[in-house]
Structures are given as C-alpha cells and as structure tokens.
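Let me begin by presenting the structure, written as structure tokens, before commenting on it.
The values are calculated or read from the model by the stated rules, or taken from the named source; none is laboratory data. For clarity, every value in this text was computed on a predicted model and none was experimentally measured. FYI the Cβ positions are ideal-geometry reconstructions off the backbone, even for glycines, and counts take in every protein chain you see.
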Amino acid sequence: MLYHAYELTHATLAPLKALSELGQKINSSIYNPVAYTPLGRSMAASFEVFNRMTRRYGKPTWDIETTTVKGKSVDVEIDIQLCTRFCDLIHFRRDLPTSKTGKDPKVLIVAPLSGHYATLLRGTVEAMLPEHDVYVTDWRDARVVPLSLGTFDLDDHIDLMIDFMRYLGPDLTVIAVCQPAVSVLAAVALMAAEKDPMQPHSIVLMGGPIDTRVNPTKVNEHAETKELSWFENSVISRVPFPLAGAMRKVYPGFVQLTGFMTMNLDRHMKAHVGLYNHLVEGDGDSADQHREFYDEYLSVMDLPGEFFLQTIDTVFKEHSLPKGTMKHRKRPVDPSKIRKTALMTVEGEKDDICGVGQTSAAHSLCSNLADDKKVRHVQMGAGHYGVFNGRRWKTEIQPLIARFIREK
C-alpha cells in the first residue's frame, strides 16, 4: 500500500506540477518584463523550488567524456562488459594508444546497492581514471526488473562479486564503497578458501559496515533495535502496475531517501531556502551547485526486498561476519583464509553512517594476512560522502589508494 500511495500522490500532484512548471517558465522568460522585477524573480524561484521538491528524478548520466593522462586529454567511452539480471559491469575505456593499453592497474569499483545509482561515484571514477583502468558495477532499479527474472539477495550479491573478479582476473584491485564491503570481503574469503587462482591482487574497503558493533551510529542502532518483521512489514512494498517489475518485493528508494532526509532535515530545509534566495538574488553559480548536488542526491532506485532484509539480518542484527558465523550457501565465510590479497581500509572521522572502526575491523578478521599487506587510513574531517567524493577524496585519499595499489 505504501508504494501505491506514493504513486497516487504523484498522480494527484501532476496537474499542480504542470501549472507550477508553466508559472516558472512565464516568470523567468526573457520576454516577460515582470521577470526582471523582484516580484517576478520571487515567483519564478518559488515555482522552481516547488518543482524540484515534487518531481521524479531519473537515473543521472555519467557525463565523463574525457580524462587527463600524463598531461594529455583522452576521450572516454563507456562499454558494457557484462550484463546480468540486476547489474551491468561497465568499463570506462580510455582512448589510449595500443602500446599503452593494459599498462595501468585494473580497478573494479563496487558501487553500493543502497538506494542511489552508481553515478553517485562519478567523482570517485574521475579521480581514478588518469592512472587506472576502471570498471564499475552499475546496478539496475529493481522496479524495472521483471519478476520472472527471479529474486536477488545477499548470497546472489556475493556470487556476482566472485563472477566479476574471475572475469577481470587476478591482477585486479577491488574498491568497495560502503555497503558492498561485506560482500567483497566475503567473496575474497570464499575464493581464498578454495585457493581460487583468480583471487584479486588487493581490495580497498571504504566506509563499509564490517562490524557495526564498533562505534555504532544512529543508523546501526535503528537497524538493531527493530525486529526483522518490522522492516518487512513497514518498509517492504510490492512494485505496482504497470511498471516492468510489477509485484516484485522491493525496498523503495523513496523510503530510504525519506530516512536520509529526515536525519538532516534542518540542513536540507536550509539548502532549499538557500536555493530560493540565490535565485531571487540572481546568484546563478550557487543555484547551479545546489541543482547539481540535489539532482544526484534525489535520484534513487528500489532495492530487491530479499537483498535488503538479508543484509539487515546478517550485517546489522546478527553481526555474522565478525562473529565468525556467516555462511554463504552453507559454506562458512572465514576471512582468516585470506593470505594473498592485500587489504586497505578507509574511514571518515566524521562518518555518521559507518562509525570509525567498523571498516577497519576487517584487519583483525584477516588474521593470517601479513602485516605488510595491510593498510588502515582514517581521513580526518571527512564524513561518509567525503570518503569517496570531494576535495579530501581527490587530494588526500585517492593518492593513498593509488600508492597502495602499486606498492602492494
């Protein structure tokens, strides 16, 4: 019913949004004299804020067409390497001379399957491209995946990580951003236990919930204090008709976005008030920065319900991985089996989603991995988003990761 109510609300607001969009165009038209007055700017700003707060945001584009390699601009094209039910493995192919192709370290960036599209990692990809051969997991919105294609849970996620690692080869570095840190560590542990020759060269876990008992945040406490049945009954919905994924159980993206917005409601309200003021004052640069951020932030997708519930139970409630009780299709997941793959963890000092220590707990779990293959970094002044995007990521964190990849 939750999803149906959401769709009904959008349908009900459609006429009002159409009038609002018309009002914005009229009051910002260069042919309308009123548009140059304080009243016209105020009206146009009011309509735009309303439109942006009530519109649907589709999947953003990557907008990565070039990169700089050794001081020279190089074209970039996105190729789909593998196409699976819920995820595409995409390759950011740089237009390099044949003699230089394959010389740079191969990197798989695993985007979180947590509500936002993989394009949230645009800054992550841009910083890695100049010196690395970059691949990314591009997750599909579960609401457009037909129910006939089956379910997708945490076990399937781990299987997919193993498949991608085997496809890309043993010279690979895997960078897991946030939630997939658990799946990546589990996948490598399973491969190590089988002495799989395709074990990756190294893994980088960034702001991931390896052990949420350490320095728990409000997000962790909320997950642990609620019964699993509460999540299933309160936030899991079936996709309504006529969407392609009709009747599939999902954790709707708009529900997760509502939760994130509520956590920092005052900040988001001030941001939209700021947008209004910037528009009235004619501060186009500040307004563009607001639009750019929120166009990405408000673009959300649905998660497979099975994946969400199994993750809540395994990672946040049972703490199965750090306790040594996690199983993948009846096989034990034992990170102590990892002896070959180097490990780096990156955490943000001010991360309010994944507290400091939760990701670096992976080091103690990989007890048989040599110390010279382990690196821990806590980025001072960085929050959760700042671990993989923004100034600190580009100038401080990424160079450390690049050095780790080459030295380990």
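Can you tell me which residue in the range 119-144 is nearest to V250 (Cα to Cα), limited to those that are of a type in the set (V, I, T) and surrounded by fewer than 21 Cβ atoms within 10 Å (Cβ to Cβ)?
Once the filter is applied, the top-ranked residue is V144.
Residues being part of a strand (DSSP E or B) and closer than 17 Å to Q398 by Cβ: count how many of those fall in the range 343-381. If you could, list the steps in order and put the result at the bottom.
Residues of the range 343-381 part of a strand (DSSP E or B): 343-348, 374-379.
When the remaining residues are screened for being closer than 17 Å to Q398 by Cβ, the result is 344-348, 375-379.
So the answer is 10.
Among the residues of the range 376-408, count how many are surrounded by fewer than 16 Cβ atoms within 10 Å (Cβ to Cβ), closer than 17 Å to R122 by Cα and among the basic types (K, R).
2
In the range 306-341, how many residues are assigned to a loop (DSSP other than H, G, I, E, B) and closer than 24 Å to L369 by Cα?
The total comes to 10.
List the number of the failed condition for D155; all other conditions in (1) closer than 26 Å to L400 by Cβ; (2) in contact (Cβ under 8 Å) with a residue 60 or more places away in the chain hold.
All conditions are met except number (1).
Restricting to the range 25-69, and then to whatever is among the hydrophobic types (A, V, I, L, M, F, W, C) and over 37 Å from the mean Cα position of the chain (by Cα), can you tell me which residue is modelled with the highest pLDDT? Walk me through how you get there before you give the answer.
From the range 25-69, those among the hydrophobic types (A, V, I, L, M, F, W, C) are 26, 30, 34-35, 39, 43-45, 47, 49-50, 53, 62, 64, 69; that's our starting set.
Now narrow it down to the ones that are over 37 Å from the mean Cα position of the chain (by Cα): 26, 30, 34-35, 39.
Working: I26: 77, I30: 81, V34: 74, A35: 75, L39: 74.
Only one residue tops the list, namely I30.
Can you confirm whether S148 is in the same structural domain as D79 (by TED's automatic domain parsing), of a type in the set (S, T, N, Q) and within 17 Å of the chain's Cα centre (by Cα)?
No: the conditions fail for S148.
Among the residues of the range 159-169, how many are in contact with a Pro (Cβ under 7 Å, 6 or more places away or on another chain) and either among the small types (G, A, S) or not assigned by TED's automatic domain parsing to the domain that holds T84 (or both)?
Step one: list which residues in the range 159-169 are in contact with a Pro (Cβ under 7 Å, 6 or more places away or on another chain), which gives 165.
If we keep only those that are either among the small types (G, A, S) or not assigned by TED's automatic domain parsing to the domain that holds T84 (or both) as well, we get none.
Summing the residues that are in contact with a Pro (Cβ under 7 Å, 6 or more places away or on another chain) and either among the small types (G, A, S) or not assigned by TED's automatic domain parsing to the domain that holds T84 (or both) in the range 159-169 gives 0.
Are there helices (runs of 4 or more DSSP H) fully within the range 170-239 with at least 1 residues that are in contact with a helix residue (DSSP H, G or I) (Cβ under 8 Å, 6 or more places away or on another chain) and either assigned by TED's automatic domain parsing to the domain that holds L400 or surrounded by 24 or more Cβ atoms within 10 Å (Cβ to Cβ) (or both)? List them.
181-193, 218-225
Which numbered condition trips up T258, out of (1) among the polar types (S, T, N, Q); (2) in a helix (DSSP H, G or I); (3) at pLDDT 85 or above?
T258 satisfies all of (1) among the polar types (S, T, N, Q); (2) in a helix (DSSP H, G or I); (3) at pLDDT 85 or above except (3).
Tell me whether the range 322-338 contains one or more residues that are under 21 Å from the mean Cα position of the chain (by Cα), under 30 Å from T225 (Cβ atoms) and surrounded by 16 or more Cβ atoms within 10 Å (Cβ to Cβ).
no
Give all pairs with beta carbons closer than 7 Å in which a residue from the range 18-32 that is in the same structural domain as M43 (by TED's automatic domain parsing) meets a residue that is at pLDDT 75 or above and of a type outside the set (A, V, I, L, M, F, W, C); count only pairs at least 6 apart in sequence or on separate chains.
I26/N32
Please go through the range 137-190 and give me each residue that is among the hydroxyl-bearing types (S, T, Y) and over 25 Å from N368 (Cβ atoms), ordered by number.
T137, S148, T151, Y167
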